[in-house]
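**Q** One structure is given below, represented as structure tokens, and several questions about it will come after.
The values are calculated or read from the model by the stated rules, or taken from the named source; none is laboratory data. Everything numeric here is computed off the predicted structure, so don't read it as measured data. Note: ideal-geometry Cβ built from the backbone for every residue, glycine included; neighbour counts use all protein chains shown. To get the accessible areas, we keep the full protein, side chains included, count just its heavy atoms, and leave off ligands, DNA and RNA. Shrake-Rupley method; radii C 1.70, N 1.55, O 1.52, S 1.80 Å.
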Amino acid sequence: MRDSFIKELTKIAKDDKNVILLTGDLGFGVLNDFAKELPEQFINIGVAEQNMTGIAVGMALEGKIVFTYSICNFPTLRCLEQIRNDACYHQANVKIVAVGGGFCYGSLGISHHATEDLSIMRALPDITVVAPGDIVEVTDATRAIYNTSGTCYLRIGRGGGKRIHEGDINFKVGKAIQLFDGDDVALISTGGILDNAFKARKVLNEAGISAGLYSMHTLRPFDREIVEDIAKRVKLIVTIEEHTVIGGLGGAVSEILAQMPQPRARLEMVGLPGCFSSIVGDQEYLRGAYGMSVEGIVKKVKEAAFKE
């Protein structure tokens, strides 16, 4: 995912000299080509993410479009006050790019487990929050936030991201992408866990459960219209996120369902159950431990399908 991001950003920055990339002293293997080709548009701020955000805001208020880049929790939770008071409040053109969403850095423990960022960022006023599901969405999302005025948050995975969409997509900020329709259950996924949701849908359909699949790549603004439509048609909605179930995708969907007069669909959530991960391991190991594996998603759907 990060390679797709930097490839697209390089194209954008070559055409627009107002685009600046700041890094918090990491990502050199990924960012080297950008730095060599566009040295006047690249600054390594050092291990000082709060300062990086402040500098980004200052440059943005002078007419630049500034991308900040670091491992997921560091350009977000570490400098939340600067994002809130400086970037969002002033509607500055700062694009916060967080690499390693969810359990991408699983073996490094909770300091590197990005499992609260989406709920915290989507709670801020005047921000756009995007978590693309595959490398196709990453490319389109990078250009979309460049074209979106104000502060944006882009949450991506690490290297080795997969392509799930077979062809071109109609990517629009605030509008979910329907990959498949289904009559019984709707799987709504955000971020890099889309691959597991995609595989789980196939297993469910082979088992006779008609499952639809939607990529909810934008958490703010949220696609209320599609959730309301789904909730009127299917019996069960299952949200899937590599993130806490509190306040993220599951929280956003539940907010909508709670305001509907009589939704047909019930809601189940796949995600981290409101806790820190007390174990470490690689990404797939941790996904399995917290029910986010393909098998875990299938099990959740089948169990929920038999509830009264």
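**Q** With the requirement that a residue be open to solvent by 50 Å² or more (accessible area, probe 1.4 Å) and either assigned to a helix (DSSP H, G or I) or aliphatic (A, V, I, L, M) (or both), what does region 85-117 give you?
**A** N85, D86, S107, L108, I110, S111
**Q** Right, something else. Could you look through region 4-26, keep only residues that are surrounded by fewer than 17 Cβ atoms within 10 Å (Cβ to Cβ) and at pLDDT below 95, and pick out the one that is farthest from E62 (Cα to Cα)?
**A** Step by step, filter region 4-26, then rank; the result is L26.
**Q** Moving on to the next point. When both residues are 6+ apart or on different chains and their Cβ atoms are under 6 Å apart, which pairs have a first residue that lies in region 45-73 and is assigned by TED's automatic domain parsing to the domain that holds K17 and open to solvent by 20 Å² or more (accessible area, probe 1.4 Å), and a second that is assigned to a strand (DSSP E or B) and of a type outside the set (V, I, T)?
**A** Partner pairs satisfying both residue conditions: I45/L22.
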